[in-house]
Amino acid sequence: VNFVWLSTLVAALSLLGTEIVGSSCPANTYESLPSVCTECPANSVSEMGSLNITFCKCRAGYFSADGLPPCSICTANTFTDAVGQTSCTSCNTSACEVGRWRGPCAPNHDALCHLCTGAPLDAFYTSPGDPYDADNCTWDCMDGFRKDNGACVDCNAACPVGQFREGCDCVDCVNWKPADSSFDDPQGAVKTISQCEWDCDIGNNVADSQTCEQRCQ
C-alpha cells in the first residue's frame, strides 16, 4: 500500500468536508494531530468526529466570508440562526397579528411575536402591539362588560358615586345641583340623569329643595 498516497487522499477528503471514520473527537473540537482533539476557534462549532479545523464553522449569530473561523458577530438588528453562514439577515420589523407584539431581535434569532399581556379578565385584544415592538395591544371588554379603571366589570354592576348607567356605560351625572353639595348615591340602575341624587356637603344643611346653607355653629 502506498501510504504517502493514502495520507494525501485522506487530507484532501478532509479539506472537502468529507467525514472519515477514525476521529473520536467530541463536538466543538477537531483532530489537530492523531488522537489529539483541539477546541474549535472562538465562536465556531463542529460535529463529533471532526477531522480537521475546516470542520469548525461559525456558530449561529456569527458569520464570515466563507462561514469558517475567524467569525464576527452579527451587527445590531441582524441575525443568523444557522451555522456556517456568510452573512446576516435583517431582523423582522413587521407588525404581529392581533394580540401579539414583536420581541427583541438577537444575533442568533429573529424578532419573534409574543402574546400581549395588558388585557384584563373578560377582555379581548383589538390590535397588535403599537409600535410593533411594544407590549401595548389595545383591548376592549366582551359583551356584557364595561371598562372601569383598567378592568372589565359586569354591566349590571353599580356605577360609582356621581355617575349613572347609560346602556352598559357609566356616565357622569350632569343634572343641576346647588352649591356646597355633591352627588352622594351610586346610581347603578338609574337610566336618566335627572335621577342622580345629591346632598349638602358636610357642614351644610338643606335650606329648601334647591339650596344648601351653612349650619349654625
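The values are calculated or read from the model by the stated rules, or taken from the named source; none is laboratory data. These numbers were taken from a predicted model, which means no experiment stands behind them. Note: ideal-geometry Cβ built from the backbone for every residue, glycine included; neighbour counts use all protein chains shown. The accessibility values were calculated without ligands, DNA or RNA, using every heavy atom of the protein model including side chains. Shrake-Rupley method; radii C 1.70, N 1.55, O 1.52, S 1.80 Å.
Odds and ends about this structure:
- For the stretch 67-114, the set of residues classified as in contact with a Ser or Thr (Cβ under 8 Å, 6 or more places away or on another chain) and of a type in the set (Lys, Arg) consists of ARG102 only.
- Pairing residues of the stretch 105-130 that are closer than 30 Å to VAL45 by Cα with residues that are among the β-branched types (Val, Ile, Thr) and open to solvent by 30 Å² or more (accessible area, probe 1.4 Å), at Cβ distances under 9 Å and at least 6 apart in sequence or on separate chains, gives CYS105/THR93; PRO107/ILE73; PRO107/THR75; ASP110/THR89; ALA111/THR93.
- Only one of GLU47, GLU19, GLU31 that is open to solvent by 70 Å² or more (accessible area, probe 1.4 Å) and modelled with pLDDT of 55 or more: GLU47
- Residue count for the stretch 65-92 satisfying the condition of being open to solvent by less than 60 Å² (accessible area, probe 1.4 Å) and of a type in the set (D, E, K, R): 0.
- Of the residues making up the stretch 50-64, those that are open to solvent by 10 Å² or more (accessible area, probe 1.4 Å), under 11 Å from CYS25 (Cβ atoms) and not aromatic (Phe, Trp, Tyr) number 2.
- Failed item, numbered, when ARG146 is tested on (1) over 30 Å from CYS56 (Cα atoms); (2) open to solvent by less than 40 Å² (accessible area, probe 1.4 Å); (3) in a loop (DSSP other than H, G, I, E, B); (4) out of contact with any helix residue (DSSP H, G or I) (no Cβ under 8 Å at 6 or more places or on another chain): (3)
- Looking across the stretch 102-129, the residues that are outside any loop (DSSP other than H, G, I, E, B), open to solvent by 30 Å² or more (accessible area, probe 1.4 Å) and among the hydrophobic types (A, V, I, L, M, F, W, C) come down to CYS113, LEU115, PHE124.
- Pair list, Cβ < 6 Å and 6+ apart or interchain, from the stretch 187-213 residues that are open to solvent by 30 Å² or more (accessible area, probe 1.4 Å) and in a loop (DSSP other than H, G, I, E, B) to residues that are of a type in the set (Asp, Glu) and modelled with pLDDT of 75 or more: ASP201/ASP180
- Some residue of the stretch 133-152 being without any contact (Cβ under 8 Å) to a residue 12 or more places away in the chain, of a type outside the set (D, E, K, R), within 30 Å of VAL171 (Cβ to Cβ) and out of contact with any strand residue (DSSP E or B) (no Cβ under 6 Å at 6 or more places or on another chain): yes
- Residue pairs meeting the criteria (Cβ under 6 Å; at least 6 apart or on separate chains; first within 30 Å of CYS105 (Cα to Cα), in the stretch 34-63; second among the acidic types (Asp, Glu) and outside any strand (DSSP E or B)): ALA60/ASP81
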